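No lab work stands behind these numbers, since they all come straight from the coordinates. Since we're looking at a predicted model, the values are computed, not measured. Ideal geometry is used to build each Cβ from the backbone, glycine not excepted, and the neighbour counts take in all protein chains shown.
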Amino acid sequence: MEKKITTLLFDLDGTIVDTNELIISSYLHTLEKYYPGKYLREDVLPFMGPPLVEVFANMDVNKAEEMVGVYRKYNLEQHDLLVTEFEGAYETIRTLHEQGYKLAIVSTKMRDSVLKGLALTKLDQFFDVVISIDEVENAKPDPEPLEKALKALGSTPEEAIMIGDNHHDIVGGKNAGTYTCGVSWSLKGREYLKKYEPDFIIDHMTDLLDIVGVHVK
């Protein structure tokens, strides 16, 4: 590693916070209304990662906004019942924060949803910078959200790492010039992420501490 990592940019859903069941059930609820009987659980896995409006516009551009509304209403109602943080996420992020690392969330979700998830898991206290879909013109894998996060933190790409569960995170990191790290607990699987050649793939959130060189007593 040529330069010490000082800055960690985290995706939220599927990376820190386990929203997988919430997202899957929100998609199935919405799609059952518009396309009864057409979509099963495995059919919606490819939809996880891109912005909602992009996914629904690919199905019906005229009804995309309406479908997003149905999805978000259900998602909000079910949020606190279905969301938890992944094992080790809280302890790892707290340790990084205590050690003075600069931390940000870079998500394709709306800001209100991101903040709700962080507050529910008590992770909000560790993140001064949150870049959501509301703050950008172009979502990941475009480098814009990562560049905004880096600017807000006063960091350069060379000292930063983007951590995520989707190819949007890995490609976004490469486009922004950061190091990249995939998480093997991604629903899409380790082999899927390996295709995008991240610098690292971790099997547990605490593995991040080894990557950045934090020595826990």
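Computed values, structure above
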| item | result |
| --- | --- |
| Estimated distance in nm for a label pair at TYR192 and GLU98, the labels positioned 7 Å out from Cα along Cα-to-Cβ | 3.4 nm |
| Segment 39-86 versus segment 173-202: alpha-carbon centroid distance in Å | 23 Å |
| Degrees between helix 144-153 axis and first principal axis of the chain (Cα, 0 to 90, nearest 10) | 40 degrees |
| Shape of segment 117-217, Cα gyration tensor, a/c cut at 1.5 | rounded |
| Answer label for Cα Rg over 2.2 N^0.38 Å (calculated), chosen among [x] 1.43; [y] 0.99; [z] 1.08 | [y] |
| Sequence-distant residues sharing a close amide H with PHE86 (under 5 Å, placed H) | VAL17, ASP18 |
| Principal-axis tilt of helix 89-98 within the chain, Cα atoms, nearest 10 degrees | 40 degrees |
| Rounded to 5, the percent of DSSP beta bridges in segment 1-135 classed as antiparallel | 20 percent |
| Within the chain, longest stretch clear of exposed GluC sites (Glu not before Pro) (DSSP loop, no more than 12 other Cβ within 10 Å) | 3-136 |
| Restricting segment 74-130 to trypsin sites (Lys or Arg not before Pro) in coil, as DSSP defines it, with at most 11 other Cβ within 10 Å | LYS122 |
| Descending Cα extents along the principal axes, segment 20-82, whole Å | 31, 22, 22 |
| Extension gain from ASN62 to THR84, taking 0.36 nm per residue of separation minus the Cα-Cα distance | 4.5 nm |
